[in-house]
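J.: Here it is: the structure, laid out below.
The values are calculated or read from the model by the stated rules, or taken from the named source; none is laboratory data. Just so you know, these numbers come straight off a predicted model, no measurement behind them. No Cβ is skipped: glycine too gets one built from the backbone with ideal geometry, and neighbour counts run over all protein chains shown.
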Protein chains: 2
Amino acid sequence: MDGQLKRGLLDVCALAAIKSGESYGYQMIKDMKPYLEMSESTLYTILKRLEGAEMLTVRSAEHGGRLRKYYRITRKGLDRIEEFREDWSMILSIYRFITREEEAHE
Amino acid sequence: MDGQLKRGLLDVCALAAIKSGESYGYQMIKDMKPYLEMSESTLYTILKRLEGAEMLTVRSAEHGGRLRKYYRITRKGLDRIEEFREDWSMILSIYRFITREEEAHE
DNA sequence: ATGTCATACTTCGCTTTGCGAAGTATGTAT
DNA sequence: ATACATACTTCGCAAAGCGAAGTATGACAT
């Protein structure tokens, strides 16, 4: 799939991955994999950005000797998802513009 | 609308704007405006890139004392639009992942 | 004549961003 | 002992959008 196209979905996708409860990076990648693959460096970059934008909060916890950082979505994060949903009709109209068939050409 | 989200659509949108016949930059911007706004510098950057990728061809012509560069879509350009169309089902599945409702949470 | 606006394309440079590569460190299975 | 899964981090490149400013012409109003 076109890399460019999915880039706009990465942020919101990461938020969606913690929408129903907190999770951590490694798990999120596995959860998103069937829909959208992203590398670790990409995800952790995005998570840091989303944290800066206060769309999620982080807490560190130890799990089996290993560090885990659990991410939880905030109100702003949920708003971001809602905003995406609202943008969708615009995306659909662009989609129609791109794929529309011209009548009576040629 | 979210800037990030539309970025993946810019290229294909520009191609779509010349799908039904050749056009020139300034006109293309006006044609796309109802669906997607992009600045001139963005469009001309994209047009140059698409030309490099052989998805369109250019010819210069004078029109009322002013220069105009007319762009025409190529086979590869049409293939690109088709590819976009094929990617769409993947986009829809990501959309569903993002917006799905969790049952029995709260 | 002067100013302003629409047309039309160009160039510069900033900033954001995805992401490959490599690294650190632990637990488990072979 | 080796290899693989887990889990997060850091570095730095390259692509890309786009604001800003520039060049140049024609039309139209004051």
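J.: Kindly establish whether A:Asp31 is under 17 Å from B:Phe97 (Cα atoms), touching a residue at least 60 places away in the same chain (Cβ under 8 Å) and acidic (Asp, Glu).
T.: When the stated conditions are applied, A:Asp31 does not pass them.
J.: With respect to the numbered conditions (1) within 10 Å of DNA strand D (Cβ to nearest atom); (2) surrounded by fewer than 15 Cβ atoms within 10 Å (Cβ to Cβ), which one is the sole condition not fulfilled by B:Glu82?
T.: Tallying (1) within 10 Å of DNA strand D (Cβ to nearest atom); (2) surrounded by fewer than 15 Cβ atoms within 10 Å (Cβ to Cβ), B:Glu82 fails exactly one: (1).
J.: Looking at B:Asp79, B:Asp87 in this structure, which one is out of contact with any strand residue (DSSP E or B) (no Cβ under 7 Å at 6 or more places or on another chain) and within 8 Å of chain A (Cβ to nearest Cβ)?
T.: It is B:Asp87.
J.: Restricting to segment B:13-67, and then to whatever is surrounded by 15 or more Cβ atoms within 10 Å (Cβ to Cβ), within 10 Å of DNA strand D (Cβ to nearest atom) and within 12 Å of chain A (Cβ to nearest Cβ), can you tell me which residue is nearest to A:Leu5 (Cα to Cα)?
T.: B:Cys13
J.: Has segment B:41-62 got at least one residue that is among the polar types (S, T, N, Q) and more than 9 Å from DNA strand C (Cβ to nearest atom)?
T.: yes
J.: Given (1) of a type in the set (Asp, Glu); (2) more than 17 Å from A:Leu78 (Cβ to Cβ); (3) near DNA strand C (Cβ under 10 Å from one of its atoms), where does A:Asp31 come up short, assuming only one miss?
T.: Status for A:Asp31: all satisfied but (3).
J.: Assess whether B:Met1 counts as being modelled with pLDDT of 95 or more, within 16 Å of DNA strand D (Cβ to nearest atom) and within 13 Å of chain A (Cβ to nearest Cβ).
T.: Criteria not met by B:Met1.
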